[in-house]
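**Student:** Below you will find the structure I want to go over with you.
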Amino acid sequence: MHIQDSRGQARTAQAVGGVSAAGRGAVGAVRPAPLRVDAQRNLEHVLRAAREVFGELGYGAPMEDVARRARVGVGTVYRRFPSKDVLVRRIAQEETARLADQARAALGQEDEPWAALARFLRTSVASGAGRLLPPQVLRVGVDGEEAPPVEGAQVPHQRDAAASAPLRVAAPRTVPAAGGPDDTGASELLDVVGQLVDRAREAGELRRDVTVADVLLVIATGAPSLPDPAQQSAASTRLLEIMLEGLRSRR
C-alpha cells in the first residue's frame, strides 16, 4: 500500500508538473493576445490622428505629425502603414464611403428632392468628411463643367491647391493602385450623389448648371477650420445656408 501510495504520489506529482508545464506553455501561447489588443488600439489612435491632421493640414502633412497626434512612435505608424500613400488611401476610402452612406440615407429618408439634397449637404458638412475627399470627385473645370475622370487611384496631397484655385483642383501625384482605378470608392459616391442632383434638377429646384462636382465642392469648402468649436459650428451653418441658397433654382 505504501509503495502504491508513493507511486500514486509520484504519478500525481508528475501529472501536476505536466499540467504546470502545460499551463506555462499555454500562458506563453496567449501572451501575444494583449499585444494584439494594444496593436488594435494603436491602429485606432493612428487613424483618428490621421483624420485630424490631414483634415487640418491637408494630405501633405508628414507622418511624424500623425504619430505625434496619436502619441505613438513614427515606427508604429509605419508598421501598420508601410508608406504614407497607403495611409492616405485608407483615410480617403473611409471618408468617401462615409459620404456615400450619408447620400444613400438622404435618398431613403426624404421624399422631396430638394429636402434630400439639403439633408445630405448639412449632414456631410457637419461630419467634416469633405475635408478628406480625394481629388477625382472635386475636378471642376473653369467653365463650370466636370472634367474627365482622373486615371488611376489618386489621393489629395495638399488642400492648399484647392484654396488657391477653387474652381480646379490640380491632379496630384498618382498613388500605386492597390484596388484598381476606383481605389477610393469615388465612382460609388459620384453615382449616389448624382441621383440626388438629378432628382432635384428634374423637380426644378436645383439650378440647371449645378453639377455633382459642384455639390461635392460645397461639402469640401463648407466646414471652415476654426479653433473654437462653437464658432466653427456657427460659421459652418451660416456658410452652408448661403451656399444652399446659391444652388436653388430661381423659378
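Computed from the coordinates by the stated procedures, all read-outs in this text should not be read as laboratory data. Bear in mind that the values here come from a model prediction, so they are computed numbers and not experimental data. No Cβ is skipped: glycine too gets one built from the backbone with ideal geometry, and neighbour counts run over all protein chains shown.
**Student:** L57 versus E202, label points 7 Å from Cα toward the beta carbon: distance in nm?
**Tutor:** Distance between label points: 4.6 nm.
**Student:** Testing the spin-label approximation: label points 7 Å from Cα along Cα→Cβ at L244 and R104. State their distance in nm.
**Tutor:** If labels sit at L244 and R104, their model points lie 2.4 nm apart.
**Student:** Using the beta-carbon distance between A39 and E64 and R0 = 22 Å, what value does 1/(1 + (r/R0)^6) give for FRET efficiency, to the nearest 0.05? Please list the in-between numbers first.
**Tutor:** Values: r = 20 Å, r/R0 = 0.92.
With R0 = 22 Å, the Cβ-Cβ based efficiency is 0.65.
**Student:** Under 17 Å from a point placed 7 Å out from the Cα of E112 along the Cα-to-Cβ direction: which residues of region 201-216 have their backbone N that close?
**Tutor:** Taking a point 7 Å out along Cα→Cβ of E112, the residues of region 201-216 whose backbone N falls under 17 Å are 201-207.
**Student:** Near the amide H of L206, under 5 Å away, which other amide H atoms are found, from residues 5 or more places off or on another chain, if H is placed in the peptide plane?
**Tutor:** Hits under the 5 Å cutoff: R201, S249.
**Student:** Hey, another quick one. Report the calculated FRET efficiency for R80 and Q231 (r = Cβ-Cβ distance, R0 = 22 Å), to the nearest 0.05. Intermediate results must be reported in sequence, preceding the final value.
**Tutor:** Numbers: r = 35 Å, r/R0 = 1.57.
It comes to 0.05.
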